[in-house]
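The values are calculated or read from the model by the stated rules, or taken from the named source; none is laboratory data. Bear in mind that the values here come from a model prediction, so they are computed numbers and not experimental data. Using ideal geometry, Cβ is built from the backbone for each residue, glycine included, and neighbour counts are taken over all protein chains shown. Just so you know, the surface numbers come from the protein's heavy atoms only, side chains and all, with ligands and any DNA or RNA stripped out. Shrake-Rupley method; radii C 1.70, N 1.55, O 1.52, S 1.80 Å.
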Amino acid sequence: MPTRRRLLAAAALAACAGMGAAAWARRERPPATDAGDDGPGEVCISAPTWAPETLDVASPERPAAVPAEARCPVCGMYAARWPRWASEVRYADGHAHFTDSPLCLFHYLQAVPRHARGRQRADIAGIWVQAHDGGGWLPLAQAHFVHGSTAAGPMRRLNLPAFASRADAAAFARAHGGQVFAAAALQERLPDELQRLAPHREHAKPG
């Protein structure tokens, strides 16, 4: 027969397990509102085994609103929680993936088949990023990014906020630090740094 002490210990363990499950459910619930440069106060969940694509055949050549349930195929976060950092990759057949930050977007573009089953970069019909100042979607090729600022977002640091003009990006850099790069120049610079800037890695605290 179990002793009273063992019964109490089992009840305590069950209660802890229930609290943990509830906390995880709250963490997974989409979406929350972007609370500024620090966002809704959460970090990457974990990259999903596979992030389903969103189909929007009605407007295959225009960006769409980020669906509440869309998870970044690179890090697993709900992209809708970060409206000023989100990006969209649209394929010619109308399917799309949404990432939670330009940093994850560049990781995605470096390895499209890894993040999009059966896809190649040549299949992409359009790429957009959100203007960090609230100006809406920008074609990737027209965006200017600030690299190395102190602004926190989905990746906490090194998020590459995007702007419609070099002047807007420069003003942000003056306030938050960092250097301004056009999209093409940034893509040339990033390959050697992507491993260092990989999602999750910048969350680690110095030992």
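Observations, loosely collected:
- The condition of being more than 21 Å from ARG189 (Cα to Cα) and hydrophobic (A, V, I, L, M, F, W, C) holds for only one of ALA141, ALA80, that being ALA80.
- Residue that is most open to solvent (accessible area, probe 1.4 Å) [pool: residues in region 139-166 that are of a type in the set (S, T, N, Q) and not in a helix (DSSP H, G or I)]: THR150
- ASP100 vs. criteria modelled with pLDDT under 95, among the charged types (D, E, K, R) and open to solvent by 30 Å² or more (accessible area, probe 1.4 Å): no
- Condition check for LEU190: modelled with pLDDT under 95, buried (at least 22 other Cβ atoms within 10 Å of the Cβ), not in a loop (DSSP other than H, G, I, E, B) and not basic (Lys, Arg): no
- Of all the numbered requirements in (1) assigned to a helix (DSSP H, G or I); (2) free of Cβ contacts under 8 Å to residues at least 60 places away in the same chain, LEU103 misses one, and that requirement is (2).
- Residues of region 110-138 that are part of a helix (DSSP H, G or I) and either without any contact (Cβ under 8 Å) to a residue 40 or more places away in the chain or under 16 Å from GLN187 (Cβ atoms) (or both): GLN110, VAL112, PRO113, ARG114, ARG121, ALA122, ASP123.
- Checking each residue of region 51-73 against the condition of being closer than 26 Å to GLY178 by Cβ, at pLDDT below 90 and either among the hydroxyl-bearing types (Ser, Thr, Tyr) or out of contact with any Ser or Thr (no Cβ under 8 Å at 6 or more places or on another chain) (or both) gives at least one match.
- For region 103-115, filtering for residues that are surrounded by fewer than 22 Cβ atoms within 10 Å (Cβ to Cβ) and aliphatic (A, V, I, L, M) leaves 3.
- Residue-level analysis places ALA169 outside the set of residues that are farther than 18 Å from VAL74 by Cβ, modelled with pLDDT under 95 and either outside any loop (DSSP other than H, G, I, E, B) or open to solvent by 30 Å² or more (accessible area, probe 1.4 Å) (or both).
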